[in-house]
Structure formats: C-alpha cells, structure tokens
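First up is the structure itself, then whatever we jot down about it.
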Amino acid sequence: TICFPLRGSGIKRSEITDDGLPCVRYGELYTTYGSSISDVASHTTVKVYGTSKQLKPGEVLMTLTGENDVDIGRAVFNATSETVAFGGDLLALKGKFIDGEYLTMLINSPTVGQQRTAVSTGNIIVHLSAAKVMQFLLPIPPSDEQSRILECANSVIRMLTNQ
C-alpha cells in the first residue's frame, strides 16, 4: 500500500556506453553501490533508455535474483537528481508515501532480511518475486518520524566510520 512494484527490463552489457543517459544494471547493486546511487556508473543510448523501465529520484531499486538467500533483495535508493533506466532482475518500488532512504534502510535491515530469506526460492540461483516483496511487513511511521530516524541512523554511521 505504500508503493507499487515495477520490474526492470534487460540492458545488455553491449548496450552500455561511455557517455549517454544514466542506467543501472543488476550486478551493480552488489558491486558498485552501497545503500544509495549517488553517481551513476553506467550509461546507455537514447534508444535503450527510451525502451527501459525508469527509476526517479528518491525511488528504491532492489534485486530479485542472487547467489544466496541472505543477500537476495538488496536495496538501494536513487539519491541522484536524475531519472535512471534500470535493467532486468531488478524491482523498482515506486511511490510517494515513504522516504526512499528510509525504505532502503528497512529493506536492508536484519528483520526484513529474515522476511526476504524466508520467501526466497532456489538453491544455486535464488529468486524473490515482486508479489512476495509486496507482502513484507514494514514499520512505517509518519514522514517526520522517518526523517528523525534517518538522521539518528546516519549520525551513528558517521560516528562509526570516523573512528
């Protein structure tokens, strides 16, 4: 009820360019980005961008396949000011009823991680369905409280990384 899912469409490695329009590919959620996309690492042509699904600033992107049931469902939010195209095996969580950074923090939390693991399927390649993601139970406080929680969490992270 807080967002709606949108599955990505494939962006092939051969469709990545040195410049062009911003895009995100599946593997980059594991190898390139932390919890946010602040600088887009990949680009593609106008044609590919135009036929791909797109992620607006503040929206969340998560993986639907992975190598194990612990890492499945890894989430990042679009912290850029750009709309980015995104590839297959990714799920965008679109909507304006929740802060994308807060939603990403929830999805990547141990509690939701247990929900991700419990509903994933497969052994060698692990899968998570959009329908199962939309059934996750998440604590959603009012938007001003989301901001306070994020401020506190980010303060702790800054403190820990400065040591």
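The values are calculated or read from the model by the stated rules, or taken from the named source; none is laboratory data. All figures in this text were calculated on a predicted structure; none of them were measured in a lab. Methodologically, a virtual Cβ is constructed for each residue, glycine included, from the backbone with ideal geometry; neighbour enumeration extends over all protein chains shown. For accessibility, only protein heavy atoms count, side chains too; no ligands or nucleic acids. Shrake-Rupley method; radii C 1.70, N 1.55, O 1.52, S 1.80 Å.
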| query | Within the bounds of region 18-30, is there any residue that is over 16 Å from the mean Cα position of the chain (by Cα) and of a type in the set (Val, Ile, Thr)? | reply | no
| Number of the exception - SER14 against (1) open to solvent by 30 Å² or more (accessible area, probe 1.4 Å); (2) in a strand (DSSP E or B) | (2)
| VAL112 modelled with pLDDT under 95, part of a helix (DSSP H, G or I) and exposed (fewer than 11 other Cβ atoms within 10 Å of the Cβ) | no
| request: Could you tell me which numbered condition LYS96 fails, if it satisfies all but one of (1) open to solvent by 60 Å² or more (accessible area, probe 1.4 Å); (2) of a type in the set (Lys, Arg); (3) assigned to a helix (DSSP H, G or I)? | output: (3)
| field | region 21-48, residues that are assigned to a loop (DSSP other than H, G, I, E, B) and free of Cβ contacts under 8 Å to residues at least 40 places away in the same chain | value | GLY27, THR32, ALA41, THR45
| said: Looking only at region 49-77, filter to residues that are in a loop (DSSP other than H, G, I, E, B) and among the polar types (S, T, N, Q); which one of those is modelled with the highest pLDDT? | reply: SER52
| Scanning region 144-163 for residues that are of a type in the set (Val, Ile, Thr), under 17 Å from THR104 (Cβ atoms) and without any contact (Cβ under 8 Å) to a residue 12 or more places away in the chain, which turns out least open to solvent (accessible area, probe 1.4 Å)? | VAL156
| task | Report yes if some residue within region 133-143 is surrounded by 15 or more Cβ atoms within 10 Å (Cβ to Cβ), without any contact (Cβ under 8 Å) to a residue 60 or more places away in the chain and part of a helix (DSSP H, G or I); otherwise report no. | result | no
| message | With the structure loaded, tell me whether THR83 is over 17 Å from LYS132 (Cα atoms) and either touching a Lys or Arg at 6+ places or on another chain (Cβ under 9 Å) or open to solvent by 40 Å² or more (accessible area, probe 1.4 Å) (or both) or whether it fails that test. | response | yes
| note | Expected output for region 102-123 (first residue under 11 Å from VAL70 (Cβ atoms), partner crowded, with 16+ Cβ neighbours inside 10 Å, Cβ below 6 Å, 6+ apart or cross-chain) is ARG116/ILE72; ARG116/GLY73; THR117/ASP69; SER120/ASP69; SER120/ILE72; SER120/VAL126; SER120/LEU128
